[in-house]
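> Just passing along the structure, written as structure tokens.
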């Protein structure tokens, strides 16, 4: 199973966070109970972070150069805002300095925290909204889209939905079809992002049951509409107060949901302590130096003359 | 047609009698396993996939492997088995993983990983007992345990309390153990309830031969026959996190007096015992897992070549990129694994870092680049029939390679504390010792007494700055030479940057090391170590040599820098460094090799094995 929450039930509604100091309690609780958390923020809040350049640089870390290379002011602002939201959120749930987190990308484009794979992350933005998914269950994908974006009747269904999905949409009251199409679309984005395949995975190669309402879950189907035998993906969709749809996909983990990691427990501290004390660097008598020593090494036993001085 | 076991045994008798080299042994096993594409073969992909769906092991698999004598391969030669080099045992099990991970795990790798505890720390009596158990067809299981983090299945709590009449009594429950209901013996790690295992072993810094004892744990080697009858508690295969297709369970104890002679190593030395055994065993299963990635990639290439409906054609840019990337990633992993596993025999003192790096990097990388292949299959990517099903099965298996997140946590625990010291003292240019990068040179026997928990040097990483210093002597010219030289320069510069950051870490402060920053540095280390291993294999490996020995006249794909440049490019990409510009010739060379190997039924790893032994004349 993908998550540690009850099977088939969506987690709590995504939480809006407006500033680095949170509150992160809801995200924390979701991590504890569900194994994953969904948060969102507005570019307006996170873009005007008021951080001095050097602090922003520290927080962006390896991405600082990329940030500086973005020409368009709006895009640069959103880039920084999304990184800040993601790093503060991850730092809060890991109990770690957000500046110590390095956001890296797999060759397939999927973002991850370098060295902290136990906490999976996903980012999405549209308009002035930023969404972040965090998971210590399986890999997570999130996607956010304006619920009002007109997609019904645009040909999107023919291009991107399976025959089953199109038929299912056809049975819905006309008024619900656009909303449901946005839910399906964002679920597809979220699922491919969790897989790290993005748009390379043809959207007609998989499908979902249509989530009945905001805060409902969906099931993964094959292109022919039959249920896919693919572990237990957790798929859910929410409508946010500001008129956006946020969907999330959490992949199954073979080893069962792990206890929530904190920064310190990512490594096995008992073993690490044993390795540290065995390290040649921790033995004062053998401590090597990178350059030849200029003074003779310390002798382990006191000089005979000194011994002789004491009766 | 299904082969009868009589025929199988007759075939084996000739195979085992003749083959002694690693290549020869693997070829003999491949012949024994038969053509993977034969629908009537019990270990062909069709039969394996059907067994996978039933949730069981392929019928006859255990018997077939027994007939080959695979059990002997994991028992050291002086104890009556055939194990001399860990490379051979691993490559044989990789061949089984190419067919079916669960079969390989259940039959071999689970026992091998458990037996490593006895081979490294057992008394002569304990080793003889373990050898007999395995040679008699028994299985050995180990309870992997994360001591500081985990879940219901990965964290147990076994405690040892001194018994009034001497010795200890055991209480509590183990983590989930694969094969537990079948196993004839167990290796367990138990905590001393009073915090101290034995008088003098507590708090010693490094005075004893067995290294640093923290006195908190002891490792136990137990016979199933000695356990109380209800000690093994099977877990339902339907439960989340249960081991797929293998029986699994917990062990539970209630004031059970531990038999004399059960403690492995010194009492209280359990942490060091576990660390040293893990040092040996942890690159082995990732190396076997290359077999899963191999079969998954082959299934995709075959679907592309067959022009299955919906599958992207070989001319599609995405298909070409996904196939060559996955192929290159597999070679990156195999180079690091080759050096890590050989270092256990050749440089045991330094091997802890490299085997930990392999554990951290390999399975994650294989899983990810294999997953990227799904998009090549197009609209039918989720279908489960034929090659699609074989692909999905092996992709799923890759996500289940033990010990999962616990293994990464243990490997990081070995890696992170060593970075400041190694950055201060190593990572400068030096040529590697002979044979570290050879896929065929014989290995000296493993000497467990030489395994150190922490390395005093880093001979593998030294290959990278050494390559930079000898750049002009690299035997490659033209656009390839240009690309390779710029890659080596960029990677060496990245190593210098890593060194600077690692030297800035407070070397003795675990709380300051065990941070996301420390883990990020460790990951960059693993990638650079993999790059160094690729360079090592290309510069100092068997290029040309073993081909000649084998009497094959192919020009040798491994001599062409195309694979090396692609492999280093994958590492650069993961480090966030710019890759060299795409080059038509190199992509073609990689793609042509992948296609040729699939068409001819050869493995896609460094070893280029004929699957199913190929034509009868081979």
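> By average Cβ neighbour count within 10 Å, what is the ranking of B:527-534, B:78-85, A:44-51, B:347-354 from highest down?
Order by mean packing, descending: B:527-534, B:347-354, B:78-85, A:44-51.
> Order B:598-608, A:11-21 from most to least packed using the mean count of other Cβ atoms within 10 Å.
B:598-608, A:11-21
> Using Cα atoms only, what is the angle between the long axis of helix A:269-278 and the major principal axis of chain A, expressed in degrees (0 to 90) to the nearest 10?
On a 0 to 90 degree scale, this one is about 30.
> Another question about this same structure. May I ask for the angle, rounded to the nearest 10°, between helix A:174-195 and the longest principal axis of chain A, with both axes built from Cα atoms and the value confined to 0 to 90°?
With both axes taken from Cα atoms, the answer is about 30 degrees.
> A further question follows. Once both labels are modelled 7 Å past Cα along the beta-carbon direction, what's the residue B:244-residue B:503 spacing in nm?
Distance between label points: 4.8 nm.
> With the crude spin-label approximation of a point 7 Å out along Cα→Cβ, what separation in nm comes out for residue B:62 versus residue B:37?
3.2
> So how tilted is helix A:25-34 from the main axis of chain A? Cα-based, degrees 0 to 90, rounded to 10.
The answer is roughly 80 degrees.
> Can you work out the PRE-style zone for residue B:77? Point 7 Å along Cα to Cβ, and I want the residues of region B:399-442 with backbone N under 12 Å.
B:442
> If you stretched the chain out fully between residue B:194 and residue B:485, how much longer would it get, using 0.36 nm times the residue separation minus the C-alpha to C-alpha distance?
Net length gain for the segment: 98.9 nm.
> Within 10 Å of each Cβ in peptide B:506-512, how many partner chain Cβ atoms are there on average? Round it to a whole number, please.
Partner-chain Cβ atoms within 10 Å, mean over residues of B:506-512: 3.
> Let me know the shape class of chain B, please: from the alpha-carbon gyration tensor, a ≥ b ≥ c as square roots of the eigenvalues, rounded when a/c is under 1.5, otherwise prolate if a/b is greater than b/c, or oblate.
Here chain B falls in the oblate category.
> What is the average number of partner chain Cβ atoms found within 10 Å of a Cβ in B:406-419?
6
> I want the antiparallel fraction of DSSP beta bridges within the protein assembly as shown, as a percent rounded to 5.
90
> Per Stokes-Einstein, at 25 °C and 0.890 mPa s, what whole-number D in µm² s⁻¹ belongs to chain A, with the Kirkwood radius over Cα pairs as the hydrodynamic radius?
Reported coefficient: 113 µm²/s.
> While we're here: Return an integer: the convex hull volume of the alpha-carbon atoms of region B:364-445, in Å³ per residue.
207
> Here's a follow-up. Per-residue ellipticity at 222 nm for chain A, helices alone: DSSP H runs ≥ 4 residues times -39500 (n - 2.57), over residue total, nearest 500 deg cm²/dmol?
My calculation for chain A gives -9500 deg cm²/dmol from helical runs alone.
> When ranked by the protection proxy of mean other Cβ atoms within 10 Å per residue, highest first, what sequence do the peptides B:323-332, B:222-231 form?
Result, highest mean Cβ count within 10 Å first: B:323-332, B:222-231.
> In addition: Other chains' Cβ within 10 Å of B:366-373 residues: what's the mean?
4
> Label the protein assembly as shown by shape, choosing from rounded, prolate and oblate, from the square roots a ≥ b ≥ c of the eigenvalues of the Cα gyration tensor; if a/c is under 1.5 it is rounded, and otherwise prolate applies when a/b is larger than b/c, oblate when it is not.
It is rounded, given that a/c, with a ≥ b ≥ c, falls under 1.5.
> Relative to a virtual label point 7 Å from the Cα of residue B:447 in the Cα→beta-carbon direction, which members of region B:78-102 show backbone nitrogen distances below 20 Å?
Inside the label zone: B:78-79, B:83-87.
> If you don't mind, another one. Could you tell me the distance between the Cα centroids of region B:46-123 and region B:265-288, to the nearest Å?
Comparing the Cα centres of region B:46-123 and region B:265-288, I get a distance of 18 Å.
> In addition: Taking the simple approach of a point 7 Å from Cα along Cα-to-Cβ for both residue B:573 and residue A:105, what is their distance in nm?
Result for the modelled spin labels: 1.1 nm.
> So if I take the centroid of the Cα atoms in region B:307-375 and the same for region A:119-144, what is the distance between those two points in Å?
Each part's Cα centre sits 27 Å from the other's.
> Is region B:282-613 rounded, prolate or oblate when judged by the Cα gyration tensor, a ≥ b ≥ c being the square roots of its eigenvalues, rounded requiring a/c under 1.5 and prolate requiring a/b larger than b/c?
Note, shape of region B:282-613 comes out prolate.
Throughout, read-outs are computed from the coordinates displayed, never taken from laboratory work. Quick caveat: nothing in here was measured; it's all calculated off a predicted structure. Cβ atoms come from the backbone with ideal geometry, glycine included; neighbour counts cover every protein chain shown.
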